[in-house]
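Taking it in order: structure first as structure tokens, then the write-up.
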Amino acid sequence: MKRVHLALILMLLAASAWAAPSFVATLGGDFFNYEDGFLDIGGAYIVPLHSDLELSLGAGFGLWPEEGSGSNDARFYIPLDLGLNFLFPGNEKVSYLLGAGVTPQFLFADENRTYVGPFIKGGIRIRTHEFMQWIIEAQQDLLIGPPDWINTSTRIRTGIQFSFDTGRP
């Protein structure tokens, strides 16, 4: 596991060496199997690879209180994302996004579970400032893991992308 962490850190450093990264802070909802909903606070580290292609490394923290038998317990949901974002500039203020990648996810409820699978997402970015864009994204995950083995998750979120490269749409 330490080798995986070291490899990811080295990839981030290498990617950051030639491009100005950006950071994303989001708030939204995760709907696991359309049965469980979670308030999601997330973030991402985005590295431009080409003029209209980005590497995205994201993580979220989902929380939902569960009331029952006089106690207030919480369920936790932690999705991680590693993917590519393909950008489609509309004009100087708006750009569209199509992304795909892989997502390991961890659910901490009555039983702790781990899932992994591909995702696809779509979104829009609206430039609100020289260094900021407002983003709206919807993401669909196909997750493999027990007990149902085939699971889905839909994530809808909004947030701000902070970028230090002002030449991007």
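Among the GluC sites (Glu not before Pro) in segment 24-91, those located in a DSSP loop and surrounded by at most 10 other Cβ atoms within 10 Å of their own Cβ are 35. Couplings for segment 121-128, taken from phi via the Karplus curve 6.51 cos²θ - 1.76 cosθ + 1.60 with θ = phi - 60°, read 9, x, x, 9, 10, 10, 6, 10 Hz in order; Gly and Pro are left as x. Multiplying the residue separation of residue 82 and residue 102 by 0.36 nm and subtracting their alpha-carbon distance yields 6.6 nm.
In segment 26-163 the Cα-Cα distances spread across 10 Å bins starting at 0 as 12, 42, 29, 13, 4, 0 percent of all pairs.
Antiparallel versus total DSSP beta bridges in segment 88-169: what percent is that, nearest 5? Intermediate results must be reported in sequence, preceding the final value.
Numbers: 42 of 42 bridges.
Bridges in segment 88-169 that DSSP calls antiparallel: roughly 100 percent.
A short reminder: the numbers here are calculations on the coordinates, not readings from a lab. What you see is a predicted model; the values in this text were computed from it and never measured. Cβ coordinates were reconstructed from backbone atoms using ideal geometry, including for glycine residues, and neighbour counts include every protein chain displayed.
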